[in-house]
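Comments concern the structure below.
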Amino acid sequence: MRVLPCVLPIALALLTGCATVKSGTDTVAGWVESPGESAPLKTKLAAGAYEQSGLAVGADKDLSRMKGQSLGYIRQADIERQLAAVHQRILAASGVSEVPGRVVLIATDRPVAYSSPDGNVYLSMYWLNALENEDELAALIAHETAHVLLHHHNSDIVGLTQKRAETLQLTAVAVRNALEKKQASTGDTKELASFMLLTELTQKVVMPAWNRRQETEADLLGFDLLISAGYVPLSMQDMLAKLEAWEKHNHESETDFQQRLGEMAKTDLSKALGQLFERVAGDVSAQHPETGKRIDALGEYQRRHYDEVEIGQPRVQEWERFRKQPKVAAMLKSYTDAFNAAALHRQGRNKEALALAQKALKGEAASHAYPNWVAAKAAAALNDRKATQRYLETALKSPDPVPVLYSEMIAFNEEGRRYKDALGWVDKAEQRFEDNPEWLVARIRLNRLMKKTDEVGPLLIKCGLVYPEAKRACDAAAVEPPKEQAKR
């Protein structure tokens with residue numbers, strides 16, 4: 001299960017981690033045998049304390065780093081308590097102690113879920129609206145926790161994910177070069193539309209590149225954990241069925257999305273946008289088994305190992321009570337309005353989009369980054385500069401600011417040739433977010449545009465030493481693109 005942020009919010013690779021596994025996956029027979037063929041996956045786990053991954057950076061630092069993967073975390077105390085309770089119940093059922101991490105809700109309306117080597121689990125707001133009971137939530141958390149417990153976060157995954165991140169970085173540079181070469185824009189609204197379309201693009205891709213076996217193992221161990229925790233195990237199939245339904249429903253809209261990018265590329269941007277989506281989305285589909293086949297594999301696994309296990313009833317009433325808590329219901333409503341406002345904005349219905357985005361800015365959500373960002377997009381499209389500035393400032397001051405907002409401010413000032421102001425936003429971004437090569441790439445490009453060649457050289461050396469995965473993007477940012485013939 002998978003995602004991506006904007007003109008240069010480089011979706012950083014998920015630096016990933018592992019847990020202890022008994023013999024089975026470390027022998028020749030273990031690799032030949034299909035997952036769960038001879039025994040439930042849970043029997044492969046070594047009981048006792050969790051062994052910290054060498055790729056872990058610390059749970060809190062991981063949370064800070066992962067802000068770049070979305071448009072903000074959704075903080076709400078009642079929701080956080082519910083997620084934590086289910087997570088702890090799943091962990092207790094694993095027999096592995098001292099597993100770090102927490103479950104965090106992120107602001108996207110796509111079915112996103114992923115985990116990190118630090119044990120953190122990231123779920124999108126989409127799931128709180130789509131799931132029908134607590135058992136389905138437990139299935140989602142169990143699947144992502146299984147990736148951690150089964151030693152799936154490893155250097156190979158890091159390499160594949162970094163390869164995708166590099167593709168994004170290089171495409172972002174190509175886009176900036178295309179904007180740099182084009183003649184002066186006819187207005188700020190056109191510029192902002194370009195930036196916001198790029199944001200939408202980059203929210204779609206980089207996640208851990210699990211292979212087919214790993215995805216299957218996470219499904220099966222998740223099934224085991226549901227049974228051990230007292231949840232309805234068939235909820236794993238129910239959760240995957242919802243994912244499959246979303247995939248089928250959105251297949252055509254993804255095609256429309258690519259077509260829209262292509263049309264934009266003809267006038268404002270580089271065709272690298274379309275190439276990016278094809279390359280990365282193709283890589284994702286090649287790595288992951290079809291959702292329908294995953295559901296079938298779970299049915300066979302149940303018949304093999306749990307045919308005699310009594311299946312209970314899912315916790316529907318408890319889930320509804322949770323969702324109807326006043327502050328939970330208000331947060332769900334705010335984000336539903338914000339997501340719908342974003343959809344209206346994409347359709348060019350900006351007056352309606354702004355009105356709906358303003359409705360989203362109620363209660364606890366009034367200070368959140370995502371709803372304010374959507375309101376700013378709609379206001380900008382309506383040429384309401386005061387409102388745009390007000391909403392962007394609120395988003396930037398939010399408890400969980402996100403890199404995409406800084407990227408847009410950098411890009412907007414750069415497009416207006418206000419290079420010093422753009423560098424000021426680079427400084428602010430570097431202070432707020434660490435371990436992000438995006439800011440160094442932007443600094444190199446801006447210094448080159450300001451003809452400060454003496455600054456570019458040391459920055460390129462720093463890039464090679466600190467962010468080797470971004471070296472090609474840094475090199476490209478340092479080179480002036482070929483002059484484009486004047487458009488007739």
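Taking the listed residues LYS451, LYS428, LYS462, the one that is assigned by TED's automatic domain parsing to the domain that holds ALA375, on the phi > 0 side of the Ramachandran plot and modelled with pLDDT of 90 or more is LYS451, with no other qualifying.
Kindly check whether there is at least one residue in region 297-308 that is more than 23 Å from the chain's Cα centre (by Cα), assigned by TED's automatic domain parsing to the domain that holds SER34, assigned to a loop (DSSP other than H, G, I, E, B) and more than 19 Å from LEU240 (Cβ to Cβ). Yes: region 297-308 contains one or more residues that are more than 23 Å from the chain's Cα centre (by Cα), assigned by TED's automatic domain parsing to the domain that holds SER34, assigned to a loop (DSSP other than H, G, I, E, B) and more than 19 Å from LEU240 (Cβ to Cβ). When region 387-421 is filtered for residues that are buried (at least 19 other Cβ atoms within 10 Å of the Cβ), charged (D, E, K, R) and part of a helix (DSSP H, G or I), the ones remaining, listed by number, are GLU408, GLU414, GLU415.
Within region 361-384, can you find the residues that are in a helix (DSSP H, G or I), closer than 21 Å to SER398 by Cβ and more than 22 Å from the chain's Cα centre (by Cα)?
Narrowing region 361-384 to residues in a helix (DSSP H, G or I): 363-367, 369-381.
Imposing the further condition that a residue be closer than 21 Å to SER398 by Cβ reduces the set to 363-367, 369-380.
Listed by number, the residues that qualify are GLY363, GLU364, ALA366, ALA378, ALA379, ALA380.
Filtered by the rule that a residue be in contact with a helix residue (DSSP H, G or I) (Cβ under 8 Å, 6 or more places away or on another chain) and surrounded by fewer than 11 Cβ atoms within 10 Å (Cβ to Cβ), region 287-331 gives a lone residue, VAL309. Of all the numbered requirements in (1) farther than 30 Å from LEU105 by Cβ; (2) in contact (Cβ under 8 Å) with a residue 12 or more places away in the chain; (3) among the aliphatic types (A, V, I, L, M), LEU465 misses one, and that requirement is (2). Within the option set ILE90, ILE74, ILE79, being under 18 Å from PRO401 (Cα atoms) and in contact (Cβ under 8 Å) with a residue 40 or more places away in the chain holds for one residue only, ILE74. Only a single criterion out of (1) surrounded by fewer than 20 Cβ atoms within 10 Å (Cβ to Cβ); (2) in contact with a Leu (Cβ under 8 Å, 6 or more places away or on another chain) is not satisfied by ALA113, namely (1). Residues in region 360-386 that are charged (D, E, K, R) and buried (at least 18 other Cβ atoms within 10 Å of the Cβ): LYS377 alone.
Can you tell which of ILE90, ILE106, ILE141 is of a type outside the set (Lys, Arg) and in contact with a His (Cβ under 7 Å, 6 or more places away or on another chain)?
Working: ILE90 fails: in contact with a His (Cβ under 7 Å, 6 or more places away or on another chain); ILE106 fails: in contact with a His (Cβ under 7 Å, 6 or more places away or on another chain).
ILE141 is the lone residue from the list that is of a type outside the set (Lys, Arg) and in contact with a His (Cβ under 7 Å, 6 or more places away or on another chain).
Of all residue pairs spaced 6 or more apart or on separate chains, those with beta-carbon atoms under 6 Å, a first member in region 134-150 that is among the polar types (S, T, N, Q) and a second member that is in a helix (DSSP H, G or I) are THR145/ILE90.
The values are calculated or read from the model by the stated rules, or taken from the named source; none is laboratory data. Since the structure is predicted, the reported quantities are computational estimates derived from the model, not experimental observations. Glycine gets a Cβ as well: all are built from the backbone with ideal geometry, and neighbour counts include every protein chain shown.
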